[in-house]
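J.: Can you read through this structure? Questions will come right after.
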Amino acid sequence: MIERLIDAGGLLILPRLRVQNANAVSGPLSWGFPAPTAFTGFIHALERRLAESLQVTLGGVGIVCHGFAAQTSKPAGRYARVFHLSRNPVGKDGGAPSLVEEGRAHLEITLVVAVKETLDDYEGGLLMQTAFETAHGMRLAGGSLLPPRNGKRYQPEWIILPDQIDGQREVFRALRRRLLPGFALVQRDDLLQERLAELQALPASYRVRSDVPATALDALLDLCRLNFEPGAGTESKPDHVEWAIRKNPGWLVPLPIGYAGISELYAPGEVANARDAETPFRFVESLYSLGQWIGPHRLESLQQLLWHTEADAENGIYRCVNRYAQTLPSTASDKE
């Protein structure tokens, strides 16, 4: 197992944040829990606001979900559920604009934020209160944060991280129990690559198009949908076949993790109607990976929990990464 020392002096815990009407459509191919980019962007915006009074660097965020309620309903006579949509009178003439479908969800989450600076109890307490109050005045994934509730479990927390790995592990063991009940979001691109290799090894007669090998998108769809497959017959009834849903290795979900450039990097102001005329511009498409929800008690280190931003402007890759899969001894043994 890979063991790294966390490059942080402490942890800022923002517990049980209630987000109302968060964006549930983070990419063109999927809907559900907001993408990790929404939370890394929220932490980056929080760091910039804190800079007005405190000089701290926030590096990495852990995402733990305690509740998710999609705003959907099932109209009479419809088989599928649909999103609750609004048609607000925001047109220039006071009339209703054209209807654009938007998915919304209510969330209850805990964010575990790594703080690079080493702060004492007083400085950490000041950061904790300032960040908590500032966060509740911000938007997260397009949604609004509701006022905090009373009680110890809803109050922010500052934890000083020891320099030694053993000390950090002990701190994390105590922390992960406080994250229950809930589920932590981790990245499992290793399972995606494993499934892609299996699909590409299948005979040509098993493919949708025998002349086209399976792609990463085929593997992603195969892992995230319900696959009904025939089972083997019993000894007494060898010709009897029962169909059942294939069991996936864990609670897997498609996950938009960032963007890939599809054009060159243009100089600031070179592209007309860009939102920012002072920043280089590039056309992009969404990047997808595979995510997994697991109980925090199954995590062994902070590296497995935290999400980080990663940018490779030369190759046009802007994404979020989580190192859970890299810390596993063997991905093949993870199947449950």
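J.: If you take the residues in the range 191-215 that are in contact with an Asp or Glu (Cβ under 9 Å, 6 or more places away or on another chain) and loosely packed, with under 11 Cβ neighbours inside 10 Å, which one is farthest from ILE245 (Cα to Cα)?
T.: Looking at residues that are in contact with an Asp or Glu (Cβ under 9 Å, 6 or more places away or on another chain) and loosely packed, with under 11 Cβ neighbours inside 10 Å, I get ALA204.
J.: So for the range 277-284 (the condition being aromatic (Phe, Trp, Tyr), more than 23 Å from the chain's Cα centre (by Cα) and either at pLDDT below 95 or within 30 Å of HIS66 (Cβ to Cβ) (or both)), does at least one residue qualify?
T.: Yes, the range 277-284 contains at least one residue that is aromatic (Phe, Trp, Tyr), more than 23 Å from the chain's Cα centre (by Cα) and either at pLDDT below 95 or within 30 Å of HIS66 (Cβ to Cβ) (or both).
J.: Taking only the range 94-105 into account, find how many residues are open to solvent by 60 Å² or more (accessible area, probe 1.4 Å) and modelled with pLDDT of 95 or more.
T.: Residues in the range 94-105 being open to solvent by 60 Å² or more (accessible area, probe 1.4 Å) and modelled with pLDDT of 95 or more: 0 in total.
J.: When you look at PHE183, is it open to solvent by 30 Å² or more (accessible area, probe 1.4 Å), closer than 28 Å to VAL19 by Cβ and out of contact with any helix residue (DSSP H, G or I) (no Cβ under 7 Å at 6 or more places or on another chain), yes or no?
T.: In short, yes.
J.: Shifting gears a bit: Taking the range 216-240 only, how many residues are closer than 25 Å to PRO28 by Cα and open to solvent by less than 60 Å² (accessible area, probe 1.4 Å)?
T.: Of the residues in that region, 7 qualify.
J.: Ok, one more. Considering (1) surrounded by fewer than 16 Cβ atoms within 10 Å (Cβ to Cβ); (2) assigned to a strand (DSSP E or B), say which one SER86 fails and leave the rest.
T.: Single failed check for SER86: (2).
J.: Taking the stated definitions as given, is ARG176 crowded, with 19+ Cβ neighbours inside 10 Å, of a type in the set (Lys, Arg) and touching a residue at least 40 places away in the same chain (Cβ under 8 Å)?
T.: yes
J.: Collect the residues in the range 258-313 that are more than 24 Å from SER26 (Cβ to Cβ), of a type in the set (Gly, Ala, Ser) and in contact (Cβ under 8 Å) with a residue 12 or more places away in the chain, keeping them in residue-number order.
T.: Residues satisfying the conditions are ALA267, SER301.
J.: Answer yes or no: is there a residue in the range 33-46 that is open to solvent by 20 Å² or more (accessible area, probe 1.4 Å), over 30 Å from ASP7 (Cα atoms) and part of a loop (DSSP other than H, G, I, E, B).
T.: No; the residues of the range 33-46 include none that is open to solvent by 20 Å² or more (accessible area, probe 1.4 Å), over 30 Å from ASP7 (Cα atoms) and part of a loop (DSSP other than H, G, I, E, B).
J.: Also, I was wondering about something else. Tally up the residues in the range 183-231 that are of a type in the set (Gly, Ala, Ser) and under 30 Å from GLY67 (Cα atoms), please.
T.: Matching residues across the range 183-231 total 2.
J.: Taking interchain pairs and intrachain pairs at least six residues apart, which have beta carbon atoms under 6 angstrom, with the first residue in the range 116-139 and on the phi < 0 side of the Ramachandran plot and the second assigned to a helix (DSSP H, G or I) and open to solvent by 80 Å² or more (accessible area, probe 1.4 Å)?
T.: Pairs that qualify, where the first residue is on the phi < 0 side of the Ramachandran plot and the partner is assigned to a helix (DSSP H, G or I) and open to solvent by 80 Å² or more (accessible area, probe 1.4 Å), are THR134/ARG49.
J.: Against the definition (charged (D, E, K, R), within 21 Å of GLU47 (Cβ to Cβ), open to solvent by 20 Å² or more (accessible area, probe 1.4 Å) and under 24 Å from the mean Cα position of the chain (by Cα)), how does GLU157 come out, yes or no?
T.: Yes, satisfied.
The values are calculated or read from the model by the stated rules, or taken from the named source; none is laboratory data. Being a predicted model, the structure only gives us computed values, none of them experimental. Here the Cβ is made from the backbone with ideal geometry for all residues, glycine too, and neighbour counts use every protein chain on show. Keep in mind that these areas ignore ligands, DNA and RNA; they rest on the heavy atoms of the full protein, side chains included. Shrake-Rupley method; radii C 1.70, N 1.55, O 1.52, S 1.80 Å.
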